[in-house]
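Scroll down for the structure; my scribbles are underneath it.
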Amino acid sequence: MSEQFDLVVIGAGPGGYVAAIKAAQLGLKVACIDKRPVAGGTCLNVGCIPSKALLTSSHKYWEAREHFENHGITADVKIDIKKMQLRKENVVTELTKGIGFLFKKYGVTFINGTASIKSPNQVQVQEGQLLETKNILIATGSISSSLPNIEIDEKQVVSSTGALEFDKAPKHLVVIGGGVIGLELGSVWARLGSAVTVVEYLDKIVPSMDSEVTTAFQKALASQGMAFRLGRKVVNIVKQPKELALHVIPAQADPTEVPEIITCDKVLVAVGRRPYTQGLGLESIGVQLDNRGFITVDSHYQTTVPNIYAIGDVIPGPMLAHKAEEEGVAVAEFLAGQAGHVNYHTIPSVIYTQPEVASVGITEDQAKEQGLKYRVGKFPFMANSRAKAVGDTAGFVKVIADAQTDKVLGVHIIGEHAGDMIAEAVLAMEYCASSEDIARTCHAHPTHAEALKEAAMAAFAKPIHM
Ligand code: FAD
Ligand code: NAD
């Protein structure tokens, strides 16, 4: 007799593993299957965590080389990239092991194998292993997108996975795509000594970001040595004996246009990610996909087949680990008969470069497009005493509030600790706070967070320290 479950989760990334743990905590009998031998998905194995480990190591090296002297410290700084990579791998191993431990603690059965759905109540793992279940949750995530005419070999022309594995800094790394991955991993290798050129199709980097932030962000990255070719596309990569020759033309140009040739030794293709549903057998059981390949779900994450649910990168919405996690908790709550909810207006996004960039809610560009009446409060880190003491005064906080109600509509931060500071803005927006609410909340001194308080003051009255 095959084993019976209340819930079988396919994919042990941040969506799947969190859903599995939460469902088990709520009393369901749960199995979680992943084709990787360890849990954690893209995020822990080849995404968020290894990239942040390398961003931190490369930042320390950069700090030692560029900034220690300002603080009166002289050091003979050397770099061992193999050791840096080993540290990164250890961080990943410890965290993925940690999820294995949590699975054991809460009684989630982890199965290593490739799953396919045989019926709304049956999941096949490998030959002969058929799981019977009341519900199925698809959390199979996403994979890197590629470009026509460009073959990713993960050696010279790499995806993010290959760019996390280099054993030495490329001489010249060309990044195709000025989005989050391109700028984070471009930063890592630029700090470690590579010349980095970013080729972006649109006329600005990270197009979804507030334009004022984008301008400051590009300037900051350029001052660290990154070069930008905006409004351009790569139409071909010619492999030559010792280097790669990229054929680059204006984004709107005819492909027959005489190209600009950029030579380099490595190319990172970072032009987005696409949902991954291959081999699940969705067509045969009637689970519908939209025209971009995402699984269609209703407000309870149910697919077009009852008892089959989907969350995370494989459904529409921002491809972020914390978004997948929130959905995982909500679906587990629905299945346990509770009320689950995800507020998509308050999902923050963070770019872990130097300076960091973080945002929640609408941008000023969107406020304009929507014809909203709004006020903007801004405060530069240059006037923040902690930023001054630390020696990192780049950037600012920008608060957008409704002109009539003062309700906070969006917060955008560029600067040191932006990724941590945004949590306060998210909480404020979650509770429909006004800019005055933030401004009248006592913030410890001296902290970077005081810049958010001052920006909020600037939105409803006047900042004190400007
Ligand atoms: P995934 O994490 O992709 O997990 C899906 C899992 O399903 C995989 O382990 C896969 O092996 C498994 N699977 C697929 N098909 C099957 C099958 N048929 N049978 C069994 N198993 C299967 N997001 C952030 O919020 N912050 C960051 O800092 C961040 N950094 C990133 C850096 C990089 C380089 C990349 C690539 C991504 C980053 N992301 C980040 C995005 C984040 O990784 C994803 O949004 C997140 O992992 C999505 O979670 P998920 O559970 O939906 O899917
Ligand atoms: P992205 O969507 O952030 O950026 C892709 C960029 O490539 C865009 O700016 C786009 O205009 C550009 N582009 C598309 N086609 C192009 C072409 N032919 N030539 C030149 N440029 C082109 O995608 P990404 O950076 O690959 O990241 C994928 C996903 O992973 C994102 O959705 C992101 O949310 C997630 N991620 C998040 C983090 C984080 O939260 N810190 C870090 C890494 C990845």
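The values are calculated or read from the model by the stated rules, or taken from the named source; none is laboratory data. Keep in mind the model is a prediction, meaning the values are calculated, not measured. A quick note on method: Cβ atoms are made from the backbone with ideal geometry, for glycine too, and the neighbour counts reach across all protein chains shown. To get the accessible areas, we keep the full protein, side chains included, count just its heavy atoms, and leave off ligands, DNA and RNA. Shrake-Rupley method; radii C 1.70, N 1.55, O 1.52, S 1.80 Å.
Yes/no per residue for (1) surrounded by fewer than 22 Cβ atoms within 10 Å (Cβ to Cβ); (2) modelled with pLDDT of 95 or more:
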site: 354; (1), (2): yes, yes
site: 370; (1), (2): yes, yes
site: 382; (1), (2): yes, yes
site: 392; (1), (2): yes, no
site: 399; (1), (2): no, yes
Quickly run through the stretch 132-146 and pick out the residues that are away from ligand 1 (no atom under 13 Å from the Cβ), open to solvent by 50 Å² or more (accessible area, probe 1.4 Å) and modelled with pLDDT of 95 or more.
-> 134
Filter result for residue 369 (within 16 Å of ligand 2 (Cβ to nearest atom), among the charged types (D, E, K, R) and on the phi < 0 side of the Ramachandran plot) | no
Is the stretch 70-88 home to any residue that is within 16 Å of ligand 2 (Cβ to nearest atom) and under 23 Å from the mean Cα position of the chain (by Cα)?
-> yes
Could you tell me which of the residues 265, 254 is within 27 Å of residue 201 (Cα to Cα), away from ligand 1 (no atom under 16 Å from the Cβ), charged (D, E, K, R) and surrounded by 14 or more Cβ atoms within 10 Å (Cβ to Cβ)?
-> 265
State which residue is farthest from ligand 1 (Cβ to nearest atom) when the search covers only the stretch 167-225 and only residues that are over 18 Å from residue 263 (Cβ atoms) and aromatic (Phe, Trp, Tyr).
-> 201
Can you tell which of 245, 253, 220 is small (Gly, Ala, Ser) and closer than 30 Å to residue 394 by Cα?
-> 220
Which of (1) in contact with a Ser or Thr (Cβ under 7 Å, 6 or more places away or on another chain); (2) surrounded by fewer than 13 Cβ atoms within 10 Å (Cβ to Cβ) is the odd one out, the single condition residue 70 does not satisfy?
-> (1)
Residues in the stretch 112-131 that are open to solvent by 60 Å² or more (accessible area, probe 1.4 Å) and either free of Cβ contacts under 8 Å to residues at least 12 places away in the same chain or under 24 Å from the mean Cα position of the chain (by Cα) (or both) total 2
Which one of the conditions (1) of a type in the set (A, V, I, L, M); (2) more than 12 Å from ligand 1 (Cβ to nearest atom); (3) part of a helix (DSSP H, G or I) does residue 342 fail to meet, given that it meets all the rest?
-> (3)
Just to be sure, is residue 298 of a type outside the set (Val, Ile, Thr), more than 26 Å from the chain's Cα centre (by Cα) and loosely packed, with under 15 Cβ neighbours inside 10 Å?
-> no
Top-ranked residue of the stretch 52-67 - restricted to ones that are over 22 Å from the mean Cα position of the chain (by Cα) and without any contact (Cβ under 8 Å) to a residue 24 or more places away in the chain, ranked as most open to solvent (accessible area, probe 1.4 Å) | 65
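Rundown of residues vs (1) within 16 Å of residue 112 (Cβ to Cβ); (2) surrounded by 23 or more Cβ atoms within 10 Å (Cβ to Cβ), yes/no style:
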site: 3; (1), (2): yes, no
site: 10; (1), (2): yes, yes
site: 17; (1), (2): yes, yes
site: 20; (1), (2): yes, yes
site: 23; (1), (2): no, yes
site: 27; (1), (2): no, no
site: 30; (1), (2): yes, yes
site: 44; (1), (2): yes, yes
Could you check how many residues of the stretch 406-448 are part of a helix (DSSP H, G or I) and among the hydrophobic types (A, V, I, L, M, F, W, C)?
-> 11
